[in-house]
Structures are given as structure tokens and as C-alpha cells.
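The values are calculated or read from the model by the stated rules, or taken from the named source; none is laboratory data. What you see is a predicted model, and the numbers here were worked out from it, not measured in a lab. Cβ atoms come from the backbone with ideal geometry, glycine included; neighbour counts cover every protein chain shown.
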Amino acid sequence: MAAERVAELTKYGADFASSLALCGKTGYNETEIVRRPVACRGMRQAVLHRDAKNLKEGLIFMNAMFLVAAGAVLALGFAAAMFRRVKGQPVGTPQMEKISNAVSSGATAYLKRQYKGVAVFFAVVFCILLAMAAMGFLSYFTPFAFVTGGFFSGLAGFIGMKTATMANCRTANAASESLNRGLRVAFSAGSVMGFTVVGLGLLDLSFWYFFLRFWYTAVDPVASTELLIQNITSNMLTFGMGASSMALFARVGGGIFTKAADVGADLVGKVEAGIPEDDPRNPAVIADNVGDNVGDVAGMGADLYESYVGSIVSTCALAVAAGYGASGVSVPMLLAALGVLCSIVGSFFVKTKEGASQKNLLTALRTGTYIASALIAVCAWFAVHWLLPAEHATGVFIAVISGLVAGVAIGAITEYYTSDTYKPTRNLSASSETGSATVIISGLSLGMLSTVAPVVIVGVSVLLSYFCAGGVSDFNMGLYGVGVSAVGMLSTLGITLATDAYGPIADNAGGIAEMTHMPAEVRQRTDALDSLGNTTAATGKGFAIGSAALTALALIASYIDKVHQIKPDMALDLTITNPTTLIGLFIGGMLPFLFAALTMDAVGKAAQSIVVEVRRQFSTITGLMEGKAEPDYARCVDMCTRSAQKLMLAPALIAVIVPVVVGLILGVNGVAGLLAGTTVTGFVLAVMMANSGGAWDNAKKYIESGQHGGKGSDCHKAAVVGDTVGDPFKDTSGPAINILIKLTSMVSIVFAGLIVAVHLL
């Protein structure tokens, strides 16, 4: 009998003294042991005990995975139902439909071109991973998991984008009937994005679990459940790298596209020409609407898909390290499945009345989110206590609740700092009385101040989840609690993402209302929905960034666990007195700033070309300003597309290259320092940029509502400049940083085997 098998069996407390002498020395296998009840009594008891334990854990995990698969079907089914509901709404006038089709065609053309370019990147990385697998650094499943992660992430974004571009004219038409109908159509379209992301994420998880279980069971039919789960989770962890890579390209590319068009349209249209926002005379107006969909819908969907699956698989890996086995792995899986049902229930409570204020509209959306969170909290109590031992269940449940509360709290804080119903944004709008310089200074100050509360919230959540989950007695149990906290925050992603994806749809609806000269009351309703969308987009970004911080902590722990799996006797020195760790920490702290600099510069370069083009068309197309000629919308769309494709490469590649280079030079300790530094500075910088940008945008809209002189005033022009600065803050650099945080961790996990084997220091 193999020594490791004997060692495994000794854990069950049978009398092994005579059994080993009679059975081990004579080479009996496990089947023979079970058949010899007298001579091998102790070993027989151990085998039977182990088999019973494996059977129980296997059944629990299998049932949980069937529920995950059911959750995937339920989420995708609900998304399909919402899609049919939106599609069944009237499209409005032929002119409205024409504009909507132009936006849809532009967005589709952009994504197709982007996916072709990204496919080259995926092919290159696939070959690299395959070569590493051939050298023994990775499993052969890793390259294929990488591809599926990227595919489903891109698919989620594409479906969300197609739905959003279909819904914009329908939302505008619904708003002509009532404010509530406009809200319901836009939110239903956003729900397609939210539940598609959740459904495809759970589908990807289910596929890989059932496939890997079949494979490893066929390879070793008598393997323990613990070993089986370890092999499965180790391989599943790697498809998060594909999802992260696709999300980064989608976020950065879409962000460059949308903000180049937005900045060009605002600076030349509003400030120089003095024409309204979304005026059909502006050549960049269609590109601006296209950008809303490829950036804030497709990009956000891919982003949160990656957070969702990343938090689940990293927590599953930590469950094995914590000794919870199949039951611990089942907890995040079951929470995700239950979250689908709770989010569906919550979505039915999103409604409002005619003439509702911004606060009333926010309350309508928040009601659905809060109900979903309350339901998942109740479900989590029963799920955790069913799966885990009583002495650990309550602590893990508190970890789940800490994540839920943290997500809601970060959303509320973001709303406070970015909504024009509260003092910070109103004070920011008042700073326009003294010019654009004070608007920019005040906006930067607001963003910096807004980082305090999210840091405290995440810190409290980490402490609660770590210590309540058993971190005092077992480090790995504490880390498992942190991972569960991230899963808890993302468990209601279906409805949370729906409120975020709603924003660009409402924005496009307002543009269509303006371009088709719909009645003033319709524009007022779409403006109300658009302003609400700005706030929900800001809170969605805050939520995404907060979840990224918790997910990144779980991924860092998974990285360290992966290193120990590869080389169990490897001693890590993660103190700041270790030069390699300290240098890695500095590089990691710098990385988000380098990334933000590259993305901001990309937006600036792309926007310059759009500004020049819009000026050219205004001056050369006869009758354009009088409304007698039509601008060349397609040229601006094409210019934004080409610029985004070219300029997104540098920021995207550094997220993949830097962790590998640091690892090859500084080793495992240097990479751990890099991940810690990137997580800390990236989280704070992302919050600051997202909230500053959101506040600048809503300060402008607050002035446009009639405050401080209203549209066309000097205050309005100053606020437009602030909004222009804030555009790449909130829609390009800020939200992309949270993907950077997670992608560096995923890359480090995938390349851990190579880094352990080959490093300079």
C-alpha cells in the first residue's frame, strides 16, 4: 500500500498497529482490506469511514452544483423574458428607429473589430499557456479554461450591448407616456445585462465542474473527495484570467471610445458652438451614444462578470485550504445560485409615480436592491448552517452579511457624494460661479474626501469576516471568511448590475428625445431618468471597485495557497523588511498610476482628433449649423473605433506583463508585494476618480436644471469643462483600475509555477 494512502487512512483513528503489520507488509490493496474483516479490521474500518465521508461530501457538493446549474438556467431564462418584454415595446417614430439603428450598427461594428483584435491576444496567450503546460508548470486544462473565461465575458457584454441599443428608442417612446413606463423599460433592459452576466458566470462554473469531476474521477476512481475538489478548484481558478483579460480590453477600449466622442461633442458643441447636448447637428453625437453602450454596458458587464466568477472560484480554492472540503466549496456556489432568485424577486419592486423627484427615483431602484439583499441574508443563514459545522457556520454567516452590508454601504456613500440631491455635488455646482478652475479644484477635493468612507467600510468588512470566520485559530479559515464576504457582496449582482446598465440606456433615450424634437415634457422625463442613471452608474462603479478590493484579497490568498501547493516547503517572507517584498510593494503602488496615466492620455489623444473633426465639419459643411444639412456621423464613429483599438493595447498589456516580469526578477515574495500594493493604491485611486467624475457630471446636470443661471450661462460652461475632465476619470481610468487589480492577481496565480521554478532573486 502506498505510504500516502496509509497516512491518509490513519486520520480516521482505527487500530493500525496489527493491521499495518498484517496488511501493509503483505501488499494488500484497499479492496483486499475490505474483504478481510479479521486480519485487517483497523484498516477496513478506516477505508469504510473514509468512503462514507467521501460519499456524504460528494453528495452535498453534487447537490450544490445542480443548484448552481439550475440558477444559471433561471438567470438566463429571466434575462430572455426581459429581452422579449423590451423588444415587444413600441419603437416610436421612424426617425427614432433610424437613430437607434445607427447607434446599434456603430456599437456592433466596434465590438466586432475589438473582438477580432482581442482574439489575436487570446491566441498568443493560449499558445504560451499550452507551452507552459507541456513543460509541467500548468495543467493542460488551463489554456482552455482561459479561452472559455474570455469567451463568456465577451458574450455577456455583447448581449447587454445589443439589448441596450434596442431599448433606447423604446425607452424614449415609453417616457412619452409616463415616467414610470420609461423607468420600467430602461430597467428591464438593464436586467437583461445583469442576469445574463450572472447566468453565463454560473453556466461557465457548472460546465467546468462537471467536466473536471468526470475527468478526475475517471483518472483516479478511489481518490478522496478532498483531493478531487482540490484538483477541480485549482483548474477552475484559472479561467478567471481569461475573463479578466477580456474585461480589461472591453473597459479600456470602450472607455477610450466613449470619452473621446463625449469630450469632442461637449467641447465643440456645447462650449464653442453653444448648441444643446445631443443636438443632431453635432457630428459626434451618434459616436457619443455608441460609446455609452460599448463602454458603460459591454465594458461594465465584462468587468462584473469577471468579479463575480473570480470571487466564487477564489473562495472555493480557499475552502480547500481551510479544511472545509466539499461543504466549504458548496457555500459560495449555493449563495450565488440563491442570489439569482432573490434578485429576480427584488426586480419586481422597482417602480415609481409620475412627477417623482430624483430622490423618489433613487428610492425606487434602491428598494429592489435592498429587498434582494434582505432575502439573500435570510437564505444565507439556512444555507451556511446546512453545509458547515455548527461551530463555524455562524461566523461564516457573519462574513456573508459583512459583504452584503459593505456593498450597500459603499453604494450609499457613492450616492451621497455624486447625486445632486445632496450637499457635496450642490456645493460643487456652486463653485462654477468663480470659473472652471474652481470647479476642477473642488471636484478633485470631493473625490479625495470620498475615499475615506469606502476604505473604512472595506476595512471593517475584512476584519469582521476574517475574525468571525475563525482567523484567530486558523489563518486559512479567516481568509475563507474574506472570500465569502466578497461572494456575499456580489450575490445580488443580477439586480445591482441592472441598476447600473439602466444608466446608459436612459442617457441614449434622452439623446433620441433631443434629436427627434420630442415634446418638452418627454425631454424632462428622460433628463430625470438620465440624471438618475448618472447616479446609479456612479454607485455601480463604487460597488464594482469595492467588490474588486475584497475579491483581490481573496485572490492574493489564493496565490499564496497556490505557491504552497506547488512547493509545500517553500518559506515565504512577506514582511516589508524583505527587500524583494518592499520593492514589489512600491511597484504595485505605482502600477495603478501608470495605468491611469496611459488611459487618460489615450482619451486625450483620441478626443483631440474628434475635436478637430467636429470643428472641420461645422466649418465646411454648408447649412449644417442651420439644420439644412446632415453631418457625417459615420466618420466620427470610425475615428473613435480606430483610436480605441490602437490606444488600448499599451495599458492592457502592462497588466499582464508586469506581474510576470516582477515574478521572474523578484520571485514569489516580490509578486505578493506587487499584488498588495496594486490592491491598496488601486482601490483608493479608483474610488477617487469615479466619484470625482460622477460629481462633475451631476453638477453640470444640476445647473442645466435651472440652477446658477441654467443652460448656456458662464456657470454652465465652467461645469462642462469640469465634466469633460471627469469623463475619463469615471468612465475610462477609474472603472478599469478595478480590473487591473484582479487581473494582476489572476496572472500571478496562473504563472505561479513558472515563477516558483525560475526567478532571479
State yes or no: is N180 at pLDDT 85 or above and either outside any helix (DSSP H, G or I) or not hydroxyl-bearing (S, T, Y) (or both)? no
For region 217-238, does any single residue satisfy the condition of being at pLDDT 85 or above and either assigned to a helix (DSSP H, G or I) or polar (S, T, N, Q) (or both)? no
With in contact with a Cys (Cβ under 8 Å, 6 or more places away or on another chain), of a type in the set (A, V, I, L, M, F, W, C), in contact (Cβ under 8 Å) with a residue 24 or more places away in the chain and buried (at least 20 other Cβ atoms within 10 Å of the Cβ) as the only criterion, which of I703, I741 stands out? I703
Residue tally, condition under 26 Å from the mean Cα position of the chain (by Cα) and surrounded by fewer than 16 Cβ atoms within 10 Å (Cβ to Cβ), over region 631-643: 1
Within the group D288, D279, which residue is buried (at least 24 other Cβ atoms within 10 Å of the Cβ) and acidic (D, E)? D288
Of the residues that make up region 433-447, is at least one in a helix (DSSP H, G or I) and in contact with a Lys or Arg (Cβ under 8 Å, 6 or more places away or on another chain)? yes
Looking at I755, I749, I703, I737, which is the one that is among the β-branched types (V, I, T), in contact with a Lys or Arg (Cβ under 8 Å, 6 or more places away or on another chain) and farther than 21 Å from T421 by Cα? I749
List the residue pairs whose Cβ atoms are under 8 Å apart, where the first residue sits in region 149-177 and is more than 30 Å from M236 (Cβ to Cβ), the second is surrounded by fewer than 24 Cβ atoms within 10 Å (Cβ to Cβ) and among the charged types (D, E, K, R), and the two are 6 or more positions apart or on different chains. M166/K87; C169/E97; A174/R181; A174/R184; A175/R181
Would region 343-352 turn up any residue that is in contact with an Asp or Glu (Cβ under 8 Å, 6 or more places away or on another chain), not in a helix (DSSP H, G or I) and not basic (K, R)? no
So how many residues does region 186-207 have that are of a type outside the set (G, A, S), crowded, with 24+ Cβ neighbours inside 10 Å and farther than 30 Å from G511 by Cβ? 3
Name the single residue that is nearest to S244 (Cα to Cα) among those in region 260-287 being touching a Ser or Thr at 6+ places or on another chain (Cβ under 7 Å) and not small (G, A, S). V263
Does region 72-118 hold any residues that are surrounded by fewer than 19 Cβ atoms within 10 Å (Cβ to Cβ), touching a Cys at 6+ places or on another chain (Cβ under 8 Å) and of a type in the set (A, V, I, L, M), and which are they? V91
Does A537 satisfy the condition of being under 24 Å from G291 (Cα atoms), of a type outside the set (D, E, K, R) and at pLDDT below 80? yes
Hits in region 543-583 - residues which are buried (at least 22 other Cβ atoms within 10 Å of the Cβ), within 13 Å of G670 (Cβ to Cβ) and not β-branched (V, I, T): Y559
From the option list G478, G494, G459, single residue qualifying as of a type outside the set (D, E, K, R), closer than 30 Å to G310 by Cβ, buried (at least 22 other Cβ atoms within 10 Å of the Cβ) and free of Cβ contacts under 8 Å to residues at least 24 places away in the same chain is G478
Within region 675-699, the count of residues that are under 20 Å from Q524 (Cα atoms) and either at pLDDT 90 or above or more than 28 Å from the chain's Cα centre (by Cα) (or both) comes to 1
Considering only region 510-524, I want to know if a residue exists there that is in contact with a Gly (Cβ under 7 Å, 6 or more places away or on another chain) and either surrounded by 24 or more Cβ atoms within 10 Å (Cβ to Cβ) or over 20 Å from I703 (Cα atoms) (or both). no
Of everything in region 311-352, what is modelled with pLDDT under 80, farther than 17 Å from M477 by Cβ and not polar (S, T, N, Q)? Give them in sequence order. K351
Single residue of K628, K646 found to be surrounded by fewer than 20 Cβ atoms within 10 Å (Cβ to Cβ), among the basic types (K, R) and modelled with pLDDT under 85: K628
Of the residues in region 693-718, those that are among the hydrophobic types (A, V, I, L, M, F, W, C) and either over 19 Å from L532 (Cα atoms) or touching an Asp or Glu at 6+ places or on another chain (Cβ under 8 Å) (or both) come to W696, A699, C715, A718
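Conditions (1) surrounded by 15 or more Cβ atoms within 10 Å (Cβ to Cβ); (2) touching a residue at least 40 places away in the same chain (Cβ under 8 Å); (3) under 30 Å from S178 (Cα atoms), marked per residue:
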| residue | (1), (2), (3) |
| --- | --- |
| T363 | no, no, yes |
| I371 | yes, no, yes |
| L375 | yes, no, no |
| E391 | no, no, no |
| F397 | yes, no, no |
| V400 | yes, yes, no |
| I410 | yes, yes, no |
| T414 | yes, yes, yes |
| L428 | yes, yes, no |
Among the residues of region 131-161, write down those that are more than 20 Å from Y216 (Cβ to Cβ), over 21 Å from the mean Cα position of the chain (by Cα), part of a helix (DSSP H, G or I) and not small (G, A, S). M132
Could you tell me which of the residues V614, V603, V637 is touching a Phe, Trp or Tyr at 6+ places or on another chain (Cβ under 8 Å), modelled with pLDDT under 90 and not in a loop (DSSP other than H, G, I, E, B)? V637
Checked against (1) part of a helix (DSSP H, G or I); (2) of a type outside the set (F, W, Y); (3) closer than 30 Å to H517 by Cα, L248 satisfies every condition except (3)
Could you please let me know if S558 is within 30 Å of L674 (Cβ to Cβ), among the hydroxyl-bearing types (S, T, Y), part of a helix (DSSP H, G or I) and modelled with pLDDT of 80 or more? yes
Would you mind listing the helices (runs of 4 or more DSSP H) fully within region 449-519 where at least 1 residues are in contact with a Leu (Cβ under 7 Å, 6 or more places away or on another chain) and at pLDDT 90 or above? 452-468, 475-490
It is to be established whether one or more residues within region 521-530 are in a helix (DSSP H, G or I), among the small types (G, A, S) and farther than 30 Å from A298 by Cβ. no
Among residues of region 353-363 being assigned to a helix (DSSP H, G or I) and in contact with a helix residue (DSSP H, G or I) (Cβ under 7 Å, 6 or more places away or on another chain), the residue modelled with the lowest pLDDT is Q358
